[in-house]
Amino acid sequence: MKKIILGMIEGLRIGAFIYLLVIALEIQQSPPSAKNIYSVLVFSALIGLVTQLVFERDALSKLQSLILHCILTAILLSATMIYNDWLSQLIKPIFWLEYILIYLFTCLYFILDGYLKTQKINQALDKRRARKKETSKKV
(Lines give C-alpha, C1' and ligand atoms only; values in the text may rest on other atoms or scores of the structure.)
Protein backbone atom coordinates (compact mmCIF):
# COMPACT_ATOMS: atom_id res chain seq x y z
CA MET A 1 0.00 0.00 0.00
CA LYS A 2 2.85 2.35 0.86
CA LYS A 3 4.44 1.79 -2.57
CA ILE A 4 1.15 2.59 -4.29
CA ILE A 5 0.74 5.85 -2.37
CA LEU A 6 4.36 6.82 -3.05
CA GLY A 7 3.82 6.00 -6.74
CA MET A 8 0.77 8.25 -6.83
CA ILE A 9 2.69 11.07 -5.15
CA GLU A 10 5.49 10.66 -7.70
CA GLY A 11 2.84 10.81 -10.44
CA LEU A 12 1.52 14.05 -8.95
CA ARG A 13 5.00 15.59 -8.96
CA ILE A 14 5.72 14.62 -12.54
CA GLY A 15 2.25 15.55 -13.80
CA ALA A 16 2.34 18.95 -12.11
CA PHE A 17 5.78 19.65 -13.57
CA ILE A 18 4.72 18.62 -17.08
CA TYR A 19 1.49 20.63 -16.84
CA LEU A 20 3.45 23.72 -15.80
CA LEU A 21 5.67 23.20 -18.85
CA VAL A 22 2.57 22.85 -21.05
CA ILE A 23 1.30 26.17 -19.71
CA ALA A 24 4.69 27.91 -19.93
CA LEU A 25 5.27 26.73 -23.51
CA GLU A 26 1.73 27.83 -24.38
CA ILE A 27 0.74 24.39 -25.60
CA GLN A 28 -2.57 24.83 -23.78
CA GLN A 29 -4.26 27.65 -25.67
CA SER A 30 -7.00 28.39 -23.11
CA PRO A 31 -6.25 29.87 -19.70
CA PRO A 32 -5.94 27.16 -17.03
CA SER A 33 -9.02 26.70 -14.85
CA ALA A 34 -9.48 25.01 -11.51
CA LYS A 35 -11.22 22.15 -13.36
CA ASN A 36 -8.13 21.75 -15.59
CA ILE A 37 -5.73 21.76 -12.67
CA TYR A 38 -7.72 19.31 -10.53
CA SER A 39 -8.25 16.93 -13.42
CA VAL A 40 -4.55 16.99 -14.31
CA LEU A 41 -3.68 16.25 -10.69
CA VAL A 42 -6.12 13.31 -10.58
CA PHE A 43 -4.79 12.10 -13.95
CA SER A 44 -1.23 12.38 -12.69
CA ALA A 45 -1.98 10.40 -9.53
CA LEU A 46 -3.64 7.70 -11.64
CA ILE A 47 -0.58 7.58 -13.92
CA GLY A 48 1.55 7.13 -10.80
CA LEU A 49 -0.72 4.26 -9.75
CA VAL A 50 -0.52 2.69 -13.23
CA THR A 51 3.25 3.10 -13.20
CA GLN A 52 3.53 1.33 -9.87
CA LEU A 53 1.26 -1.52 -10.95
CA VAL A 54 2.81 -2.03 -14.41
CA PHE A 55 6.49 -1.84 -13.52
CA GLU A 56 6.18 -3.94 -10.36
CA ARG A 57 5.03 -6.97 -12.37
CA ASP A 58 7.78 -9.48 -13.01
CA ALA A 59 5.69 -11.31 -15.63
CA LEU A 60 6.39 -8.61 -18.24
CA SER A 61 9.68 -7.66 -19.84
CA LYS A 62 10.86 -4.07 -19.52
CA LEU A 63 9.83 -3.37 -23.12
CA GLN A 64 6.38 -4.92 -22.61
CA SER A 65 5.93 -2.89 -19.42
CA LEU A 66 6.96 0.29 -21.20
CA ILE A 67 4.56 -0.30 -24.11
CA LEU A 68 1.69 -1.18 -21.76
CA HIS A 69 2.41 1.87 -19.62
CA CYS A 70 2.56 4.14 -22.69
CA ILE A 71 -0.83 2.86 -23.90
CA LEU A 72 -2.49 3.14 -20.49
CA THR A 73 -1.04 6.63 -20.07
CA ALA A 74 -2.43 7.62 -23.48
CA ILE A 75 -5.88 6.30 -22.48
CA LEU A 76 -5.87 8.26 -19.22
CA LEU A 77 -4.58 11.34 -21.02
CA SER A 78 -7.37 11.02 -23.59
CA ALA A 79 -9.96 10.78 -20.82
CA THR A 80 -8.53 13.92 -19.22
CA MET A 81 -8.54 15.74 -22.55
CA ILE A 82 -12.18 14.79 -23.17
CA TYR A 83 -13.16 15.78 -19.62
CA ASN A 84 -11.56 19.21 -20.09
CA ASP A 85 -13.22 19.75 -23.49
CA TRP A 86 -9.86 19.64 -25.27
CA LEU A 87 -11.08 17.13 -27.84
CA SER A 88 -10.02 19.41 -30.70
CA GLN A 89 -6.40 19.07 -29.53
CA LEU A 90 -6.71 15.33 -29.02
CA ILE A 91 -7.37 14.65 -32.70
CA LYS A 92 -4.39 16.64 -33.98
CA PRO A 93 -1.31 14.61 -35.00
CA ILE A 94 0.98 17.26 -33.46
CA PHE A 95 -0.60 16.53 -30.07
CA TRP A 96 0.42 12.88 -30.30
CA LEU A 97 3.90 13.83 -31.46
CA GLU A 98 4.23 16.07 -28.41
CA TYR A 99 2.89 13.23 -26.24
CA ILE A 100 5.48 10.81 -27.57
CA LEU A 101 8.30 13.34 -27.14
CA ILE A 102 7.26 14.15 -23.56
CA TYR A 103 6.87 10.44 -22.81
CA LEU A 104 10.33 9.67 -24.20
CA PHE A 105 11.89 12.59 -22.34
CA THR A 106 10.30 11.38 -19.10
CA CYS A 107 11.55 7.83 -19.74
CA LEU A 108 15.06 9.10 -20.38
CA TYR A 109 14.92 11.09 -17.17
CA PHE A 110 14.02 7.96 -15.18
CA ILE A 111 16.69 5.89 -16.90
CA LEU A 112 19.31 8.51 -16.06
CA ASP A 113 17.96 8.87 -12.52
CA GLY A 114 18.12 5.11 -11.97
CA TYR A 115 21.64 4.96 -13.38
CA LEU A 116 22.85 7.78 -11.12
CA LYS A 117 21.23 6.23 -8.04
CA THR A 118 22.85 2.88 -8.87
CA GLN A 119 26.24 4.55 -9.27
CA LYS A 120 25.84 6.28 -5.90
CA ILE A 121 24.89 3.01 -4.18
CA ASN A 122 27.83 1.19 -5.80
CA GLN A 123 30.24 3.91 -4.66
CA ALA A 124 28.94 3.64 -1.10
CA LEU A 125 29.33 -0.15 -1.21
CA ASP A 126 32.88 0.17 -2.57
CA LYS A 127 33.79 2.54 0.28
CA ARG A 128 32.28 0.15 2.80
CA ARG A 129 34.26 -2.79 1.37
CA ALA A 130 37.47 -0.74 1.38
CA ARG A 131 36.95 0.19 5.04
CA LYS A 132 36.21 -3.43 5.90
CA LYS A 133 39.45 -4.55 4.25
CA GLU A 134 41.41 -1.89 6.15
CA THR A 135 39.96 -2.93 9.49
CA SER A 136 40.52 -6.64 8.79
CA LYS A 137 44.18 -5.96 7.92
CA LYS A 138 44.71 -4.09 11.19
CA VAL A 139 43.39 -7.00 13.26
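The values are calculated or read from the model by the stated rules, or taken from the named source; none is laboratory data. This is a predicted model, so every value here is computed, not measured. Counting neighbours? That spans all protein chains shown, and the Cβs are built from the backbone with ideal geometry, glycine included.
So how many residues does the stretch 20-35 have that are farther than 29 Å from Lys3 by Cβ and either surrounded by 10 or more Cβ atoms within 10 Å (Cβ to Cβ) or among the β-branched types (Val, Ile, Thr) (or both)? Even if it seems obvious, please write down each step before you answer.
Let us first name the residues in the stretch 20-35 that are farther than 29 Å from Lys3 by Cβ, namely 23-35.
Those left that are additionally either surrounded by 10 or more Cβ atoms within 10 Å (Cβ to Cβ) or among the β-branched types (Val, Ile, Thr) (or both): 23, 27-28, 30, 32-33, 35.
The total comes to 7.
Of all residues in the stretch 30-56, which are hydroxyl-bearing (Ser, Thr, Tyr) and not in a helix (DSSP H, G or I)?
Residues satisfying the conditions are Ser30, Ser33.
Cβ-Cβ below 8 Å, separation at least six or inter-chain, first residue in the stretch 99-113 and under 10 Å from Ile18 (Cβ atoms), second aliphatic (A, V, I, L, M) and part of a helix (DSSP H, G or I): which pairs?
Pairs found: Ile102/Ile18; Thr106/Ile14; Thr106/Ile18.
So for the stretch 32-50 (the condition being at pLDDT below 90 and among the charged types (D, E, K, R)), does at least one residue qualify?
no
Across the stretch 80-139, which residue is surrounded by the most Cβ atoms within 10 Å (Cβ to Cβ) among those that are more than 18 Å from the chain's Cα centre (by Cα) and hydroxyl-bearing (Ser, Thr, Tyr)?
Of the residues in the stretch 80-139, the ones more than 18 Å from the chain's Cα centre (by Cα) are 81-95, 118-139.
Those still in the list that are hydroxyl-bearing (Ser, Thr, Tyr) too: 83, 88, 118, 135-136.
Numbers: Tyr83: 14, Ser88: 10, Thr118: 10, Thr135: 9, Ser136: 8.
Ranking the qualifying residues of the stretch 80-139, first place goes to Tyr83.
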